[in-house]
Amino acid sequence: MIWEKGMSVTVQNLKSLMIEAGIDVDVVKALDPAVPLLKQGFDSFDLPAFSAAVESRYDITISDRDVLGLRTLDDFMTFVSKHAVSAFAER
Amino acid sequence: MDKAAGLAMIRARWKDIAPAQKYDVDFFRPEDAPGVVRLITEIYGEKYPVEDYYIPERIIAKNASGDVVTMVARTPGGDVVAQAAIWRTSSPNPNLYESGQMMVLPDYRKTFALWHLNKLVRRCVDSRPEIHGLFGEAVTNHLTIQKTAPIFNLKPCALEVALMPDGAYEGEGAGKKRVSCLTLAAVYRDRRQALHLPAVCRDDLMPILSLLALDRETTFSSGAVPSEPESGITLQRFDAAGVIRCHVDGIGADFSDCVRDIDRDAGAVSVVEVFLRADTAAAPWAVSVLRERGFFLSGFVPLWFGADAILMQKLSVAPDFDTIKLHSPEAQALGERVRRDYQRVQT
């Protein structure tokens with residue numbers, strides 16, 4: 001399904017995006033959304049790749065400050081839901 | 001100072017870097033140079049293919065000249081725990097930079113260091129008007145580098161088949177199993193220009209042009225023998241890699257003879273690459289000359305000369321297309337097209 005602004009974002013949406021971004025499928029399948037990604041097999045290249053995919057897919061910008069709060073998949077889901085929808089509301 | 005002296009100096013000063021330190025991401029300062037050498041040495045040992053990066057004063061000089069822009073993650077004590085860089089490379093266009101050299105100390109690979117560095121690279125590119133485009137050459141024996149392409153909006157534009165010897169960082173091995181590179185490019189500051197492309201390659205080039213979304217006056221034709229008598233060709237030999245790279249900046253009526261001579265002189269060289277300037281009306285004819293001599297279409301590299309380039313290759317080794325790993329659907333489609341053209345030219 002194609003995401004459109006105003007729609008909710010699910011863990012499954014973000015996991016699919018991870019796979020599109022090139023993150024190992026087995027790592028993605030085993031992810032616990034509440035546990036930091038860097039403790040679950042994400043490497044130093046995976047996080048930039050996933051973050052870039054999130055920015056591109058949801059048309060948002062993740063700042064240096066934002067990323068400090070993005071440890072888990074749940075963090076990403078909350079961030080995307082909040083920022084993508086507020087970006088939509090501002091237009 | 002040479003590489004051996006640089007290595008000796010770094011090893012004499014070697015100290016362990018404590019894990020889990022705070023770091024700042026910043027542009028390179030001269031005092032970072034030994035830390036950059038230390039980082040490269042810890043990751044690659046003595047096998048990094050560019051000698052300059054073992055010699056602190058050369059790193060300082062390259063950053064001072066703008067030929068390299070190094071960005072580092074630096075601890076409060078001045079240790080360099082990660083780096084990324086953009087640099088002017090073998091392209092004749094000083095406004096086209098290559099992106100890469102992303103290195104992180106093992107103890108810092110579970111941090112956001114590379115994320116912050118990539119953001120700084122992106123800000124650097126956005127803020128420097130002299131940087132018109134970026135390209136990268138990602139090895140295809142793994143997907144790690146290809147995964148970072150979206151950060152810089154890099155699009156797959158060529159597959160340089162069998163470009164590097166296996167274990168390329170050992171600086172030898174031409175003729176052994178070789179590794180192909182996916183060329184990725186992004187144009188940030190463009191101007192409209194003419195593009196003369198061979199009709200025979202239309203179906204292979206159109207998807208690349210579509211991805212790059214350039215402003216071009218594009219003509220597909222079979223071209224004609226140029227009126228200019230002499231070609232302008234610069235040739236680079238990379239003996240350790242078994243590669244000859246030719247930059248064809250001007251296409252003259254003698255081009256067939258030039259290609260014959262290049263072919264003859266190549267001898268046992270594994271790979272010959274020809275970058276053809278694509279804003280000249282003779283480019284499609286030059287492609288036909290190359291195809292008659294066994295060159296196949298590797299892709300298209302925007303801004304290579306300032307003008308764009310058609311990239312052709314000829315191999316004296318048998319490529320192993322089945323081992324090439326390509327991540328994105330666009331890269332996979334490009335790989336298939338290059339493979340088909342290689343097979344077409346062989347028959």
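The values are calculated or read from the model by the stated rules, or taken from the named source; none is laboratory data. Computed from a predicted structure; not experimentally measured. Positions of Cβ are backbone-derived with ideal geometry, glycine not excepted, and every protein chain shown enters the neighbour counts.
Structure above, values below:
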{"item": "Unmet criterion (only one of (1) of a type in the set (A, V, I, L, M, F, W, C); (2) at pLDDT 90 or above; (3) farther than 20 Å from B:Leu303 by Cβ; (4) over 16 Å from the mean Cα position of the chain (by Cα)) for B:Val161", "result": "(4)"}
{"item": "Residue count, segment B:86-110 (criterion: facing another protein chain (nearest Cβ under 7 Å) and closer than 19 Å to B:Gly35 by Cβ)", "result": "2"}
{"item": "Exclusive hit being of a type in the set (Gly, Ala, Ser), farther than 25 Å from A:Asp43 by Cα and buried (at least 16 other Cβ atoms within 10 Å of the Cβ), set B:Ser99, B:Ser91", "result": "B:Ser91"}
{"item": "Residues satisfying the stated conditions in segment B:20-63, i.e. at pLDDT below 95, farther than 30 Å from A:Leu68 by Cα and among the small types (Gly, Ala, Ser)", "result": "B:Gly45"}
{"item": "Members of segment B:105-120 found to be surrounded by fewer than 20 Cβ atoms within 10 Å (Cβ to Cβ) and over 17 Å from A:Phe50 (Cβ atoms), listed by number", "result": "B:Pro106, B:Asp107, B:Leu120"}
{"item": "Out of B:Thr183, B:Thr234, sole residue that is surrounded by 20 or more Cβ atoms within 10 Å (Cβ to Cβ) and touching a residue at least 60 places away in the same chain (Cβ under 8 Å)", "result": "B:Thr183"}
{"item": "All positions within segment B:95-110 that are in a loop (DSSP other than H, G, I, E, B) and free of Cβ contacts under 8 Å to residues at least 40 places away in the same chain", "result": "B:Arg109, B:Lys110"}
{"item": "Complete set of residues in segment B:111-159 that are part of a loop (DSSP other than H, G, I, E, B) and within 21 Å of A:Glu20 (Cα to Cα)", "result": "B:Phe112, B:Thr140, B:Asn141, B:His142, B:Leu143, B:Thr144, B:Ile145, B:Asn153, B:Leu154"}
{"item": "Extreme residue, nearest to the other protein chains (Cβ to nearest Cβ), among residues of segment A:40-69 that are loosely packed, with under 15 Cβ neighbours inside 10 Å and acidic (Asp, Glu)", "result": "A:Asp64"}
{"item": "Every pair of residues 6+ apart whose Cβ atoms lie under 7 Å, when the first sits in segment B:137-154 and is over 15 Å from B:Leu334 (Cα atoms) while the second is among the polar types (S, T, N, Q) and in a helix (DSSP H, G or I)", "result": "B:Thr148/B:Asn118; B:Pro150/A:Ser56; B:Ile151/B:Asn118"}
{"item": "Segment A:33-85, residues that are more than 23 Å from B:Tyr108 (Cβ to Cβ) and part of a loop (DSSP other than H, G, I, E, B)", "result": "A:Pro33, A:Ala34, A:Asp59, A:Ile60, A:Thr61"}
{"item": "Condition broken by B:Ala113, with the remaining ones in (1) facing chain A (nearest Cβ under 8 Å); (2) among the small types (Gly, Ala, Ser); (3) closer than 16 Å to B:Ala185 by Cβ satisfied", "result": "(3)"}
{"item": "Single residue of B:Gly242, B:Gly250, B:Gly223 found to be of a type outside the set (A, V, I, L, M), at positive phi and either surrounded by fewer than 16 Cβ atoms within 10 Å (Cβ to Cβ) or touching a His at 6+ places or on another chain (Cβ under 8 Å) (or both)", "result": "B:Gly223"}
{"item": "Segment B:308-329 - residue that is crowded, with 20+ Cβ neighbours inside 10 Å and more than 24 Å from B:Phe275 (Cα to Cα) and, of those, farthest from the other protein chains (Cβ to nearest Cβ)", "result": "B:Ser328"}
{"item": "Residue list for segment B:60-86, filter: surrounded by 18 or more Cβ atoms within 10 Å (Cβ to Cβ) and among the hydrophobic types (A, V, I, L, M, F, W, C)", "result": "B:Ile60, B:Val68, B:Val69, B:Met71, B:Val72, B:Ala73, B:Val80, B:Val81, B:Ala82, B:Ala84, B:Ala85, B:Ile86"}
